[in-house]
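First up is the structure itself, then whatever we jot down about it.
The values are calculated or read from the model by the stated rules, or taken from the named source; none is laboratory data. This is a predicted model, so every value here is computed, not measured. Counting neighbours? That spans all protein chains shown, and the Cβs are built from the backbone with ideal geometry, glycine included. To get the accessible areas, we keep the full protein, side chains included, count just its heavy atoms, and leave off ligands, DNA and RNA. Shrake-Rupley method; radii C 1.70, N 1.55, O 1.52, S 1.80 Å.
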Amino acid sequence: MSSEHSAEQNQEAFEYVTGLLRGNERVQFEKRLSKEPELTQLVTTWEHRLFVLQDTEASITVPSWLWTSINQKINPVTETKKQAWYQVTWIPWAFASLFFLVSFFAVMWQKIPLESKAPIDYVAVLTDKSGEAKLTAMTTGSDQTMWLSWQDVQLSSEHSLQIWAISKSDHQVRSIAILNDTTTNSFTLSDAHWRLIKDAQSLILTLEDLGGSPIDEPSEHQIARGVCVRVSG
């Protein structure tokens, strides 16, 4: 069986288990299960993987600064110091990211080739101001790879997309990657970029001139933002 056909079957099995496959397509898929043992095995595999994700003993470590910041938002303290736009507008993205985190963890996991599975160390669901997910980024530390799953992000030939990390140590914003299309689903992080991910409070996605920001700072055209969470275990 060709690798292309195997990937297609894997995608269908995932969508069936998660309920994304509906209507007549789902009916036809169920008919195939009795005739295609390999497809049945893929369904069983996905059921096991997603069951593990729902294990109540499994946990996602939420950084303490997140709860502190939420508390400060609920009980605001007057501040005289002016903050940059990327420091004062993170709350909506934090709530949206946490809401989408588990479901997009499962969705993004199926994007990684079966033969390349590695433990996920960090995950961020980047959403726009309305809470709609635009990009899911998952990072595997063993091979320093960032995996990307795009949702309805438009890009013209005159612009690039840039992923940035906001440090929880010094709150500085530093570039992670410059992308010229939304078909890129993975790339290798340098040692320096991997350190940025480990220290990231959150990730942001901006629209920049072709080739990336000329001043190495994010533009005001922010597309999405999401809290970067370390996955326990």
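Overview of results
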quantity	calculated
Condition broken by A192, with the remaining ones in (1) among the hydrophobic types (A, V, I, L, M, F, W, C); (2) within 21 Å of I215 (Cβ to Cβ); (3) open to solvent by less than 20 Å² (accessible area, probe 1.4 Å) satisfied	(3)
Considering residues of the stretch 199-209 that are over 16 Å from A124 (Cα atoms) and open to solvent by less than 90 Å² (accessible area, probe 1.4 Å) only, the residue nearest to the chain's Cα centre (by Cα)	L207
Selection count, the stretch 215-233, where residues are over 18 Å from the mean Cα position of the chain (by Cα) and under 18 Å from L155 (Cβ atoms)	4
Single match in G233, G212, G226 (criterion: open to solvent by less than 40 Å² (accessible area, probe 1.4 Å) and modelled with pLDDT under 95)	G226
Enumeration of residues in the stretch 12-48 that are at pLDDT below 75 and open to solvent by less than 60 Å² (accessible area, probe 1.4 Å)	F14, E15, V17, T18, G19, L21, W46
Residue check, S156 within 17 Å of P119 (Cα to Cα) and either of a type in the set (G, A, S) or in contact (Cβ under 8 Å) with a residue 24 or more places away in the chain (or both)	no
Any chance E217 is open to solvent by 50 Å² or more (accessible area, probe 1.4 Å), out of contact with any helix residue (DSSP H, G or I) (no Cβ under 9 Å at 6 or more places or on another chain) and touching a residue at least 40 places away in the same chain (Cβ under 8 Å)	yes
Residue in the stretch 145-154 that is open to solvent by 10 Å² or more (accessible area, probe 1.4 Å) and in contact with an Asp or Glu (Cβ under 6 Å, 6 or more places away or on another chain) present	no
Near pairs, Cβ below 9 angstrom, 6+ apart or cross-chain, from the stretch 28-41 (closer than 9 Å to Y16 by Cβ) to any residue that is in a loop (DSSP other than H, G, I, E, B)	F29/L21
Members of the stretch 155-171 found to be over 18 Å from A133 (Cα atoms) and open to solvent by 10 Å² or more (accessible area, probe 1.4 Å), listed by number	S156, S157, E158, H159, K168, S169, D170, H171
